[in-house]
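Below: the structure, in structure tokens.
The values are calculated or read from the model by the stated rules, or taken from the named source; none is laboratory data. Remember, predicted model here, so these are calculated numbers, not experimental data. Every residue, glycine as well, gets a Cβ built from its backbone with ideal geometry; the counts of neighbours run over all protein chains shown. Accessible surface is based on the protein model in full, side chains and every heavy atom, while ligands, DNA and RNA are left aside. Shrake-Rupley method; radii C 1.70, N 1.55, O 1.52, S 1.80 Å.
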Amino acid sequence: GQWIDAAAPGNFLPTNPEALGLAFETQGISLRRGLEQLAEDCAAGRIALSDPAAFRVGENLAVTPGAVVYQNDLIQLIQYRPATQWVFKRPLLIVPPFINKYYILDLQAHDSFVRYAVEQGHTVFMISWRNISQGHGHHTWDDYLEHGVMQAIEVALKIAGTRRLDTLGFCVGGTLLACALAVLAGKRRQSAASLTLLASLLDFSEPGPIGVYIDEGFVAACEAEFGKGGIVPGNRLAWAFSSLRASDLLWSPAIRRYLKGQPSPAFDLLHWNGDAANLSGPMYCYYLRNLYLENRLREHGTLAMSGVPLDLRQVALPTFVLAAREDHIVPWTSAYAGAALLGGDKQFVLSSSGHVAGVVNPPENSKRVYWTGQSFCLSPQAWWEQARQQQGSWWPHWSGWLKRQQGGKRIPARCMLGSRQYPEREMAPGSYVLQRAE
């Protein structure tokens, strides 16, 4: 498939009539601009999928008001300011993926999931993962659990003054969150009242096209390179994920920028896609070996994390599971199979579109659809046969579900963020998200 995409005639100037015609019309200016943009992208080490001057984090991206109320070597924890006079008693903790940056859930005001949740009356906390740099490449998967997710849970509970909170994880953030809750359950600590998983893998039997890359040889090579310490470059991961949709994310942008000399569009999703983050080598190798390659999360009690045998059945919470029908990173049937590993009542919702656009789906976009089922069936095929199509965004459906879990208990919103123990450190979006993986 990669060779076929690469060999398409449109990728080459002599066999691209549009690029040739544009070159003649502009007397070669389009080709000159293309070479200039090629030089810029070579210097940056990536194809500019979006106009790099169109967006600035903290200026027109990640602008929902809030503050960093805690930080350590791995995370900054952001608390967002209330937008309503009354808020639900339990806070909501969001765990984003550590691949790329957290602001995929807080883009511009019109498509920010965070802003939507705050406007629904939730006290929202968000983890902002550190872009791993020299001196921090020793962190393990257990470190991400203990000093990332579990530490964030503890701080959010203390600030909110509650015994339990609602939790939400996106992509690998959902995988990490489910593991953390299973560890806490194994320690007889029930800190969460509900769980929302957005496009997250727990059962890696069918990981999609990326499974072509991940075999014993690849994982062994990664372990030899940085399994005992080191940094996994963010751009390496970005190229791998882009290659899964090479026609859309590699060749089409290259044709536009280099052969036609046209600038990249201003598109917030693509800007986020190009804002990669470095990872810790030991954590990454553990993730590849134990989850992707050996799929040990579904073997209840055989894999230990933080010294606790992991059993996802102990995560017996009301759970909302969202998958995207055209998702090439987390196939929807795999997300469904992973949900079956959890205990508790489950509601499964299928969104249209792909891995990111299926999640970033604000209510104003009425052209989208999603599907709901009356019950969680034994197989995804059985669920699909009884599912009903709904018009619009899945966000209000999720909001209604979470409000029912809250039981309607509301308290007056507090103007001050943090607490005496965890005061405001800096304004959102914080400094960790601004660190780039050069």
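Could you count how many residues in the stretch 357-385 are of a type outside the set (Gly, Ala, Ser) and closer than 16 Å to Tyr116 by Cβ? Show your work before the answer.
Here is the first cut: in the stretch 357-385, the ones of a type outside the set (Gly, Ala, Ser) are 359-365, 367-372, 374, 376-378, 380-381, 383-385.
Those still in the list that are closer than 16 Å to Tyr116 by Cβ too: 359-365, 368, 370.
Adding up the residues that qualify gives 9.
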Seminar exercise, completed: A careful count of residues in the stretch 18-39 that are in a helix (DSSP H, G or I), in contact with a helix residue (DSSP H, G or I) (Cβ under 9 Å, 6 or more places away or on another chain) and of a type outside the set (A, V, I, L, M, F, W, C) gives 5
Exercise. Does the stretch 343-354 contain at least one residue that is within 20 Å of the chain's Cα centre (by Cα), farther than 29 Å from Asp143 by Cβ and aromatic (Phe, Trp, Tyr)?
Worked result: yes
Problem set entry | the stretch 115-149, residues that are in contact (Cβ under 8 Å) with a residue 60 or more places away in the chain and in a helix (DSSP H, G or I) | Tyr116, Ala117, Trp141, Asp142, Asp143, Tyr144, Leu145, Glu146, His147, Gly148
Problem set entry | Given (1) at pLDDT below 95; (2) open to solvent by less than 10 Å² (accessible area, probe 1.4 Å), number of the condition Lys367 does not satisfy | (2)
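Taking the conditions exactly as written (open to solvent by less than 20 Å² (accessible area, probe 1.4 Å), of a type in the set (S, T, N, Q), closer than 14 Å to Thr319 by Cα and in a loop (DSSP other than H, G, I, E, B)), does Ser200 satisfy them or not? Walk me through how you get there before you give the answer.
On the way: open to solvent by less than 20 Å² (accessible area, probe 1.4 Å): yes; of a type in the set (S, T, N, Q): yes; closer than 14 Å to Thr319 by Cα: yes; in a loop (DSSP other than H, G, I, E, B): yes.
The answer is yes for Ser200.
Can you pull out the residues in the stretch 374-389 that are open to solvent by less than 50 Å² (accessible area, probe 1.4 Å) and not in a loop (DSSP other than H, G, I, E, B)? Give the steps one after another, and end with the answer.
Step one: list which residues in the stretch 374-389 are open to solvent by less than 50 Å² (accessible area, probe 1.4 Å), which gives 377, 379-380, 382-383, 387.
Scanning the stretch 374-389 gives Pro380, Ala382, Trp383.
Going by what's in this entry, would Arg90 be described as basic (Lys, Arg), more than 20 Å from the chain's Cα centre (by Cα) and either crowded, with 24+ Cβ neighbours inside 10 Å or farther than 22 Å from Ala323 by Cβ (or both)? Can you show your working first?
On the way: basic (Lys, Arg): yes; more than 20 Å from the chain's Cα centre (by Cα): yes; either crowded, with 24+ Cβ neighbours inside 10 Å or farther than 22 Å from Ala323 by Cβ (or both): yes.
Taking the combined requirement at face value, the residue satisfies it.
So, in the stretch 266-295, how many residues would count as being open to solvent by 60 Å² or more (accessible area, probe 1.4 Å) and farther than 28 Å from Val360 by Cβ? First the steps, then the outcome.
From the stretch 266-295, those open to solvent by 60 Å² or more (accessible area, probe 1.4 Å) are 266-267, 294; that's our starting set.
Still in the running and farther than 28 Å from Val360 by Cβ: 294.
The total comes to 1.
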For this session: Return the residue satisfying two criteria in turn: it lies in the stretch 309-337 and is hydroxyl-bearing (Ser, Thr, Tyr) and open to solvent by less than 10 Å² (accessible area, probe 1.4 Å), and of such residues it is farthest from Ser353 (Cα to Cα).
Result: Thr319
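Is one or more of the residues making up the stretch 413-436 among the charged types (D, E, K, R) and farther than 28 Å from Leu74 by Cβ? Quick ask: steps written out before the conclusion?
At the first step, the residues of the stretch 413-436 found to be among the charged types (D, E, K, R) are 414, 420, 424-426, 436.
Next, only the ones that are farther than 28 Å from Leu74 by Cβ stay: none.
No, the stretch 413-436 contains no residue that is among the charged types (D, E, K, R) and farther than 28 Å from Leu74 by Cβ.
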For this session: Look through the stretch 61-85, keep the residues that are under 22 Å from the mean Cα position of the chain (by Cα) and exposed (fewer than 15 other Cβ atoms within 10 Å of the Cβ), and return whichever of them is nearest to Arg410 (Cα to Cα).
Result: Pro65
Exercise. His328 versus (1) touching a residue at least 60 places away in the same chain (Cβ under 8 Å); (2) assigned to a loop (DSSP other than H, G, I, E, B); (3) of a type outside the set (Asp, Glu); (4) closer than 24 Å to Thr167 by Cα: which is the lone unmet condition?
Worked result: (4)
Problem set entry | Every residue from the stretch 135-149 that is buried (at least 20 other Cβ atoms within 10 Å of the Cβ) and either at positive phi or touching a helix residue (DSSP H, G or I) at 6+ places or on another chain (Cβ under 6 Å) (or both) | Gly137, His139, Trp141, Tyr144, Leu145, Val149
Exercise. Can you spot a residue in the stretch 420-438 that is open to solvent by 80 Å² or more (accessible area, probe 1.4 Å), under 20 Å from the mean Cα position of the chain (by Cα) and touching a residue at least 24 places away in the same chain (Cβ under 8 Å)?
Worked result: yes
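Counting only residues that are modelled with pLDDT of 90 or more and either buried (at least 18 other Cβ atoms within 10 Å of the Cβ) or outside any loop (DSSP other than H, G, I, E, B) (or both), how many does the stretch 239-265 have?
13
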For this session: Just give me the residues in the stretch 396-438 being touching a helix residue (DSSP H, G or I) at 6+ places or on another chain (Cβ under 6 Å) and either more than 20 Å from Thr64 (Cβ to Cβ) or outside any loop (DSSP other than H, G, I, E, B) (or both), in sequence order.
Result: Ser419, Ala437
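Table: residues versus (1) of a type in the set (Ser, Thr, Tyr); (2) free of Cβ contacts under 8 Å to residues at least 24 places away in the same chain.
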site	(1), (2)
Asp41	no, no
Ala54	no, no
Glu59	no, yes
Pro65	no, no
Tyr80	yes, no
Asn100	no, no
Gln108	no, no
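Just checking, how many residues over the stretch 158-174 are closer than 29 Å to Ala323 by Cβ and either free of Cβ contacts under 8 Å to residues at least 40 places away in the same chain or among the aromatic types (Phe, Trp, Tyr) (or both)? Even if it seems obvious, please write down each step before you answer.
Restricting attention to the stretch 158-174, the residues satisfying the condition of being closer than 29 Å to Ala323 by Cβ are 164-174.
Applying the additional criterion that residues be either free of Cβ contacts under 8 Å to residues at least 40 places away in the same chain or among the aromatic types (Phe, Trp, Tyr) (or both) yields 170.
Final tally of qualifying residues: 1.
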Seminar exercise, completed: Result of the Cβ filter at 8 Å on the stretch 11-37, keeping first residues that are under 14 Å from Ser252 (Cα atoms) and partners that are outside any helix (DSSP H, G or I), at least 6 apart or interchain, is Glu18/Lys260; Ala19/Lys260; Gly34/Lys260; Gly34/Gly261
